[in-house]
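Novice: Dropping a structure here in structure tokens format, bear with me for questions.
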Amino acid sequence: MVLQHFGLTQYPLGKGTTELWDDGVLAHLGERFDWLLHSPGVGLLTGEAGVGKTAALRRLTQALNLHRYQVIYLAETDFGRLDLYRSLALALGLEGAYRRAALWRQIKARIEELADGKNVTPLWIIDEAHNLPAEFFRDLPA
């Protein structure tokens, strides 16, 4: 009944899952993930509900050196873009400006400080990105 209600073909993986079944896809995902870490940009992971996308990303990020990467995980995406930027600012240790343009400048400056000054790469993982507002994607190139 639960599976049918949520449109799943199998039960989703729990947050405590440590062993993931790998038919070669996880290894391929790991290679792409490593490539993205060395060539910063935007990555997109898609798949059916409940197949383990979040569990796979959790596994990949747990293996990262915390002195080189700051993993920021966002699961609540059904908000406006200003709320998303504020949550990113908080995760980056910023109080966050009131206006969007000022907030955006703060975030950029903090990312540059982390990357250039501390050699730390922030890794922002947005789960359920299909709920993001269209305006968010228009801001992304900036």
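The values are calculated or read from the model by the stated rules, or taken from the named source; none is laboratory data. All of these numbers come straight from a predicted model, not from anything done at the bench. Cβ: placed from backbone, ideal geometry, glycine included. Neighbour counts: every protein chain shown. When the accessible area is computed, the model is the full protein with side chains, heavy atoms only, and any ligands, DNA or RNA have been set aside. Shrake-Rupley method; radii C 1.70, N 1.55, O 1.52, S 1.80 Å.
Novice: Give the Rg/Rh ratio for the stretch 51-141, taking Rg as the radius of gyration of the Cα atoms and Rh as the Kirkwood radius, to two decimals.
Specialist: 0.97
Novice: What are the residues whose amide H is under 5 Å from the amide H of Ala97, where those residues sit 5 or more places off or on another chain and H is modelled from the backbone?
Specialist: HN-HN under 5 Å from Ala97: Leu103.
Novice: If you don't mind, another one. Cβ under 11 Å from Glu76's Cβ, Glu76 left aside: what net charge do those residues give with Lys, Arg +1 and Asp, Glu -1?
Specialist: -4
Novice: Also, quick follow-up: Hey, rough spin-label estimate for Arg68 and Leu140, points 7 angstrom out along Cα→Cβ, what's it come to in nanometres?
Specialist: Calculated label separation equals 2.6 nm.
Novice: With a probe of 1.4 Å, find how much accessible area the stretch 42-103 has per residue, and write the answer as a whole number in Å².
Specialist: The answer is 64 Å² per residue.
Novice: Right, something else. When the Cα centres of the stretch 115-137 and the stretch 46-70 are compared, how far apart do they sit, in Å?
Specialist: With the stretch 115-137 and the stretch 46-70 each reduced to a Cα centre, they are spaced 14 Å.
Novice: I would also like to ask the following. For the charge dipole of the stretch 30-142, defined by +1 on Lys and Arg C-beta atoms and -1 on Asp and Glu C-beta atoms about the Cα centroid, which residue among Gly43, Ala63, Ala115 has the Cα displaced farthest towards the positive pole?
Specialist: Ala115
Novice: Something else now. Return one number: the angle in degrees, 0 to 90 and rounded to the nearest 10, between the long axis of the Cα atoms of helix 53-62 and the longest principal axis of the Cα atoms of the chain.
Specialist: Once rounded, one gets 60 degrees.
Novice: Now for a different question. Please list, in order along the stretch 124-129, the HN-Hα scalar couplings obtained from phi with the Karplus expression 6.51 cos²θ - 1.76 cosθ + 1.60 (θ = phi - 60°), rounded to whole Hz, x for Gly and Pro.
Specialist: Ordered by residue, 3J(HN,Hα) equals 9, 9, 10, 7, 6, 5 Hz.
Novice: Order 68-74, 125-131 from most to least packed using the mean count of other Cβ atoms within 10 Å.
Specialist: 68-74, 125-131
Novice: Once amide H atoms are placed 1.01 Å from N in the peptide plane, what residues at a sequence separation of 5 or more from Tyr69, or on another chain, have their amide H within under 5 Å of its amide H?
Specialist: Thr121
Novice: Can you order the peptides 37-44, 88-95 by their average number of other Cβ atoms within 10 Å per residue, highest first?
Specialist: My ranking of the peptides, most packed first, is 88-95, 37-44.
Novice: Sticking with this one: Rank Lys53, Lys118 by accessible area, highest first, at a 1.4 Å probe radius?
Specialist: Lys118, Lys53
Novice: Summarise the accessible area of the chain (1.4 Å probe, protein heavy atoms) by the percent that is carbon and sulfur.
Specialist: Accessible surface attributable to carbon and sulfur in the chain totals 55 percent.
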